[in-house]
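The values are calculated or read from the model by the stated rules, or taken from the named source; none is laboratory data. Remember, predicted model here, so these are calculated numbers, not experimental data. Methodologically, a virtual Cβ is constructed for each residue, glycine included, from the backbone with ideal geometry; neighbour enumeration extends over all protein chains shown.
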Amino acid sequence: MTGWFITMDGPDGSGKSTQIQLLQQALQNQGYEVIVTREPGGTAIGEQIRSIILDVNNIEMHGMTEAILYAAARAQHVKELIEPALREGKVVLCDRFLDASIAYQGVARGLGVDTIEGINAYATGGLEPDITFFIDINPMVGLQRKKDQEELDRLEKETLDFHQKVYEGYIALWEKYPSRIQRVFGEHSIEEIHNQIIKIVEEKIKN
């Protein structure tokens, strides 16, 4: 039996974490065994790499260093946590995955989509999500939400121009992979977004 790999992605402040919690609860209520994880992170090694990537003091970090660190954390994540859980038939809900690296490092950092996909071919071993939700929100709205909630990390502190490029990267991914990437609008109510997400998940799992 193989499980389901569902990722939640989008600009900073799009409400991914809230929607993951709601989806987790809904699927558990239906009897699924659900694992919630995040990128970068998800494992002890991945969380240590996360702290390096997002540290506001690491302003000298080159874009390529950043991209390789994300891929390193992802390699550990896939091998240690995601693949074993899927083999056991569990549902894995992940806050960000490869699409984030393509949008942030490939597009916004200007490293190129092909470069990021090449690096991550080794990290993921070809693993792709069954469903990716792209929570579409205006980058300015998302960043303001973040500022209102908590201290910003190194990437969140980037310029609005950077975050606009990230957003454009997500739009391009959604256009490229319309069957995998489901676009939902992040400025709707939390309940409306959740209802849309659970409907899509239930339809995909049933089919």
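May I ask you to say which residue of Val141, Val184 is of a type outside the set (Gly, Ala, Ser) and modelled with pLDDT of 95 or more? Give the steps one after another, and end with the answer.
Working: Val141 fails: modelled with pLDDT of 95 or more.
Of the residues listed, the single one that is of a type outside the set (Gly, Ala, Ser) and modelled with pLDDT of 95 or more is Val184.
If I filter the stretch 157-178 for residues that are out of contact with any Lys or Arg (no Cβ under 7 Å at 6 or more places or on another chain), of a type in the set (S, T, N, Q) and more than 19 Å from Pro40 (Cα to Cα), do I get at least one hit?
Our first condition is that a residue be out of contact with any Lys or Arg (no Cβ under 7 Å at 6 or more places or on another chain); within the stretch 157-178, this holds for 157-173, 175-178.
If we keep only those that are of a type in the set (S, T, N, Q) as well, we get 159, 164.
Going one step further and asking which of them are more than 19 Å from Pro40 (Cα to Cα), we end up with 159, 164.
Looking for residues that are out of contact with any Lys or Arg (no Cβ under 7 Å at 6 or more places or on another chain), of a type in the set (S, T, N, Q) and more than 19 Å from Pro40 (Cα to Cα), one finds at least one in the stretch 157-178, hence yes.
Considering every residue within the stretch 20-27, establish whether at least one is closer than 21 Å to Tyr177 by Cβ, part of a helix (DSSP H, G or I) and not basic (Lys, Arg). Explain how you work it out, then say what you get.
Filtering the stretch 20-27 down to residues closer than 21 Å to Tyr177 by Cβ leaves 20, 23.
Subset that is part of a helix (DSSP H, G or I): 20, 23.
Restricting the remaining residues to those that are not basic (Lys, Arg) gives 20, 23.
The answer is yes; a qualifying residue exists.
Quickly run through the stretch 3-17 and pick out the residues that are closer than 28 Å to Phe162 by Cβ and either in contact with a Gly (Cβ under 9 Å, 6 or more places away or on another chain) or modelled with pLDDT of 95 or more (or both). Quick ask: steps written out before the conclusion?
First, the residues of the stretch 3-17 that are closer than 28 Å to Phe162 by Cβ: 6-17.
Answer for the stretch 3-17, where residues must be closer than 28 Å to Phe162 by Cβ and either in contact with a Gly (Cβ under 9 Å, 6 or more places away or on another chain) or modelled with pLDDT of 95 or more (or both): Ile6, Thr7, Met8, Asp9, Gly10, Pro11, Asp12, Gly13, Ser14, Gly15, Lys16.
Quick one: in the stretch 137-153, which of the residues that are within 15 Å of Arg96 (Cβ to Cβ) and of a type outside the set (A, V, I, L, M) is surrounded by the fewest Cβ atoms within 10 Å (Cβ to Cβ)? Working first, answer last.
Kept after step one, since they are within 15 Å of Arg96 (Cβ to Cβ), are these residues of the stretch 137-153: 137, 142, 146, 153.
Among the residues that remain, those that are also of a type outside the set (A, V, I, L, M) are: 142, 146, 153.
Details: Gly142: 24, Lys146: 18, Asp153: 16.
Among them, the one singled out is Asp153.
For Ser17, only one of the following conditions fails: (1) surrounded by fewer than 20 Cβ atoms within 10 Å (Cβ to Cβ); (2) under 14 Å from Thr124 (Cα atoms); (3) within 15 Å of the chain's Cα centre (by Cα). What is its number?
Unmet for Ser17, out of (1) surrounded by fewer than 20 Cβ atoms within 10 Å (Cβ to Cβ); (2) under 14 Å from Thr124 (Cα atoms); (3) within 15 Å of the chain's Cα centre (by Cα): (2).
Give the residues of the stretch 70-123 that are in contact with a Lys or Arg (Cβ under 6 Å, 6 or more places away or on another chain) and without any contact (Cβ under 8 Å) to a residue 60 or more places away in the chain, sorted by residue number.
Answer for the stretch 70-123, where residues must be in contact with a Lys or Arg (Cβ under 6 Å, 6 or more places away or on another chain) and without any contact (Cβ under 8 Å) to a residue 60 or more places away in the chain: just Ala123.
Condition check ((1) among the polar types (S, T, N, Q); (2) within 19 Å of Val107 (Cα to Cα); (3) outside any loop (DSSP other than H, G, I, E, B); (4) within 16 Å of the chain's Cα centre (by Cα)) across all residues:
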| position | (1), (2), (3), (4) |
| --- | --- |
| Gly142 | no, yes, yes, yes |
| Leu152 | no, no, no, no |
| Ala172 | no, yes, yes, yes |
| Gln182 | yes, no, yes, yes |
| Glu192 | no, no, yes, no |
| Gln196 | yes, no, yes, no |
| Glu202 | no, no, yes, no |
